[in-house]
Amino acid sequence: MGDHFYRPAEGHRLAHDPFNAIVAPRPIGWIATRSADGVRNLAPYSFFNAFNYTPPIVGFSSNGYKNSVANAEATGVFTWNLVSLEQAEAMNATSAAVDPDVDEFALAGLEPVPGTEVAADRVAGAPVSFECRLSQVIRLTAADGTPTESWLTLGEVVGVHIDERYLSDGVYQTTEPTPVVRGGGPSAYYAIHEQNRFDLDRPA
């Protein structure tokens, strides 16, 4: 077997850019914000993850300075909502490109629940929601310092809501809500199931 090597700046020479499919699956950043005028916004981001343990920090990267970034900067808060298989279609509906005055909660038929610690809503029925205070918004740069059109938004988790159905003897059961994660290409998603699990102990 050969080695397909390419320099991204020169193109990948494949039918589709493999980057998203290689760095996968990825947790979905289902991010809820409010504008300074109080308009609700809800959007999924495929570049999302946890970045720090204490204090807990999560972040999402937006290709373009979109409403979620602008709202988080304007208000200093956002929420993250775990996407379960049950809410996958609704999550997809919130990915529509709509005007800033459109409430994606209403668009997708979702119920907003006011945050306890922050002035941003969370998604009713989401297995887990994080309430976050903005810590940093970073415009990403290339290796040579050239600014990109992507913004990394980081927030400290200051409140956590967990549906108690997914707690067993005080332990959160990762696969119980059947979380949905993002794959590659325009439409690939995966559901996580317990039968996919295997365990590795750290070397002593």
Before we move on, is THR33 part of a loop (DSSP other than H, G, I, E, B), of a type in the set (S, T, N, Q), modelled with pLDDT of 95 or more and on the phi < 0 side of the Ramachandran plot?
no
Matching residues in segment 173-184 - criterion: being touching a helix residue (DSSP H, G or I) at 6+ places or on another chain (Cβ under 6 Å) and of a type outside the set (A, V, I, L, M, F, W, C)
GLN173, THR175, GLU176, PRO177, THR178, GLY184
Which members of segment 100-141 meet the condition of being charged (D, E, K, R) and not in a strand (DSSP E or B)?
ASP101, ASP103, GLU104, GLU111, GLU117
Of all residues in segment 120-151, count the ones that are hydrophobic (A, V, I, L, M, F, W, C), crowded, with 17+ Cβ neighbours inside 10 Å and in contact (Cβ under 8 Å) with a residue 60 or more places away in the chain.
8
If you check ALA96 against the conditions, is it touching a residue at least 24 places away in the same chain (Cβ under 8 Å) and either more than 20 Å from LEU140 (Cβ to Cβ) or in a loop (DSSP other than H, G, I, E, B) (or both)?
no
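Using the structure shown, decide if GLU156 is under 20 Å from the mean Cα position of the chain (by Cα), part of a strand (DSSP E or B) and exposed (fewer than 13 other Cβ atoms within 10 Å of the Cβ).
Details: under 20 Å from the mean Cα position of the chain (by Cα): yes; part of a strand (DSSP E or B): yes; exposed (fewer than 13 other Cβ atoms within 10 Å of the Cβ): no.
Against the criterion (under 20 Å from the mean Cα position of the chain (by Cα), part of a strand (DSSP E or B) and exposed (fewer than 13 other Cβ atoms within 10 Å of the Cβ)), GLU156 does not qualify.
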List every residue pair whose Cβ atoms sit under 9 Å apart, with the two residues 6 or more apart in sequence or on different chains, where the first one lies in segment 1-19 and is exposed (fewer than 10 other Cβ atoms within 10 Å of the Cβ) and the second, anywhere, is among the basic types (Lys, Arg).
HIS4/ARG13
Looking at ASP163, is it without any contact (Cβ under 8 Å) to a residue 40 or more places away in the chain and surrounded by 13 or more Cβ atoms within 10 Å (Cβ to Cβ)?
yes
Note on segment 99-116: residues in contact (Cβ under 8 Å) with a residue 60 or more places away in the chain and surrounded by 19 or more Cβ atoms within 10 Å (Cβ to Cβ) are GLU104, PHE105, LEU110, PRO112
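The values are calculated or read from the model by the stated rules, or taken from the named source; none is laboratory data. Since this is a predicted model, take the numbers as computed values, not measurements. Counting neighbours? That spans all protein chains shown, and the Cβs are built from the backbone with ideal geometry, glycine included.
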